[in-house]
Amino acid sequence: MIKENPEITTNELTEELNISVKGVEWQIRNLKEQGILKRIGPDKGGYWEIIEK
């Protein structure tokens with residue numbers, strides 16, 4: 001979903017995936033720690049970048 005829409009918000013992910021906000025935040029944190037996902041710019045107006053390994 002992030003690859004299709006890099007500007008997707010946590011709330012939009014929550015609705016689409018039908019999991020809690022904390023669940024989405026946990027998944028995003030794990031992806032960031034693994035070096036797979038990176039946030040570019042501010043929370044409002046920024047976007048997600050998926051780092052291909």
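Contact map, the range 23-44: first residue at positive phi, second residue of a type outside the set (S, T, Y) and assigned to a loop (DSSP other than H, G, I, E, B), Cβ cut-off under 7 Å, separation 6 or more or different chains; pairs are G35/I51. Scanning the range 27-40 for residues that are outside any strand (DSSP E or B), within 10 Å of the chain's Cα centre (by Cα) and surrounded by 12 or more Cβ atoms within 10 Å (Cβ to Cβ) yields Q27, I28, L31, K32. Just one of the listed residues (E49, E16) is surrounded by 11 or more Cβ atoms within 10 Å (Cβ to Cβ) and touching a residue at least 40 places away in the same chain (Cβ under 8 Å), namely E49.
Computed from the coordinates by the stated procedures, all read-outs in this text should not be read as laboratory data. The structure presented is a predicted model; accordingly, all values stated were derived computationally and were not measured. Note that each Cβ is placed from the backbone with ideal geometry, even for glycine, and that neighbours are counted across all protein chains shown.
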